[in-house]
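To keep things clear, I will list the structure first and then write my remarks on it.
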């Protein structure tokens with residue numbers, strides 16, 4: 001099993017694949033020691049078994065331009081499983097997002113396979129294939145790659161052909177192909193992959209409540225994100241999450257105060273980065289606290305807790321009835337928003353989700369729909385029938 005290591009060979013493979021209506025794609029990468037994922041291997045296959053390829057992006061002199069051209073080809077559907085990290089890599093390297101796109105994990109959720117179904121399960125169920133996972137966590141940057149690694153890597157795209165065809169047939173049969181459109185729109189939006197340091201604070205915001213804490217969190221998180229990007233190292237190499245939270249809650253304004261925090265390593269407070277953190281704290285405290293956004297989870301909903309619980313039961317009942325994974329219909333945050341307001345601007349109150357669940361959620365909340373238990377299963381009933 002040979003690796004493609006030259007631009008000419010890659011161009012020839014991409015030309016063959018471009019003749020097919022779809023191509024399955026996967027990547028192997030490392031990101032334990034870097035901020036941006038390091039691409040180590042590309043796998044692609046078409047519906048013809050002869051068109052299955054492994055590309056070595058680490059080969060000397062190879063250009064990935066033919067691959068990027070194929071990814072941008074509007075006549076070829078790009079099929080991934082759990083596409084987000086793969087798409088992030090393509091975006092970082094080529095500045096494009098593969099279109100049109102089909103994510104088999106999302107499609108499987110629409111077809112009732114549960115939340116975040118694994119590729120191994122789909123390959124087993126739909127392609128009748130057993131995946132040897134022993135090579136999954138190997139070091140893909142080391143050369144030469146073993147035969148076991150190459151076999152495992154290629155299976156990630158060859159079986160995906162049958163998985164895609166089976167899911168597409170199911171979606172066409174049940175008329176749910178258009179349900180994927182919204183999810184694919186999010187995955188193919190460049191904004192999804194643009195790591196804006198100004199938004200880095202949102203990852204940790206759920207643990208804080210006060211505007212002053214949020215302000216410090218925003219400034220320190222943005223500083224850390226810029227540092228991690230500039231050095232191409234994981235965020236935790238710059239400053240651990242716990243340390244960011246400690247700084248946000250205590251807002252140290254001196255070297256001594258910073259050094260007293262239990263999550264700050266000894267001597268760190270007197271380093272250049274320690275000074276930059278103190279500068280970030282000062283910028284935060286100088287902000288107008290009235291302009292600081294309050295995270296959704298920080299807005300108390302103590303009066304709607306029981307409504308959220310009922311909506312969770314409704315969601316599970318609708319998902320079971322329709323054969324759809326609950327996660328793709330609505331999130332817990334959306335249920336909280338609906339409980340708080342009939343006019344909440346959430347996906348579950350728009351489009352197909354509203355018809356499937358949103359209208360029922362509002363009816364339940366407003367006493368127009370009831371839930372009853374029949375033979376151990378939750379059923380929906382108009383309130384007059386309860």
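Give the residues of segment 323-343 that are under 23 Å from residue 377 (Cα atoms) and either crowded, with 16+ Cβ neighbours inside 10 Å or in the same structural domain as residue 183 (by TED's automatic domain parsing) (or both), sorted by residue number.
First, the residues of segment 323-343 that are under 23 Å from residue 377 (Cα atoms): 323-332, 335.
Within segment 323-343, 324, 325, 326, 328, 329, 330, 335 qualify.
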Practice problem: Residue by residue through segment 206-227, note down the ones that are surrounded by fewer than 21 Cβ atoms within 10 Å (Cβ to Cβ) and in a helix (DSSP H, G or I). | Solution: 206, 207, 211, 212, 222, 226, 227
Quiz item: Is it the case that residue 197 is under 26 Å from residue 91 (Cα atoms) and surrounded by fewer than 16 Cβ atoms within 10 Å (Cβ to Cβ)?
Solution: no
Quiz item: Taking the stated definitions as given, is residue 320 loosely packed, with under 15 Cβ neighbours inside 10 Å and in contact (Cβ under 8 Å) with a residue 24 or more places away in the chain?
Solution: yes
Quiz item: Of everything in segment 344-368 that's touching a residue at least 24 places away in the same chain (Cβ under 8 Å) and more than 21 Å from residue 110 (Cα to Cα), which residue is surrounded by the most Cβ atoms within 10 Å (Cβ to Cβ)?
Solution: 364
Quiz item: Can you tell me which residues in segment 72-88 are in contact with a strand residue (DSSP E or B) (Cβ under 6 Å, 6 or more places away or on another chain) and crowded, with 22+ Cβ neighbours inside 10 Å?
Solution: 78, 79, 80, 83, 86
Quiz prompt | Number of positions in segment 7-18 that are in contact (Cβ under 8 Å) with a residue 40 or more places away in the chain and buried (at least 16 other Cβ atoms within 10 Å of the Cβ) | solution = 6
Exercise. Would you kindly identify the helices (runs of 4 or more DSSP H) lying entirely within segment 58-123 that contain at least 1 residues that are under 15 Å from the mean Cα position of the chain (by Cα)?
Key: 84-94, 104-110
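The values are calculated or read from the model by the stated rules, or taken from the named source; none is laboratory data. Everything numeric here is computed off the predicted structure, so don't read it as measured data. Glycine also receives a Cβ, built like all others from the backbone with ideal geometry; neighbour counts cover every protein chain displayed.
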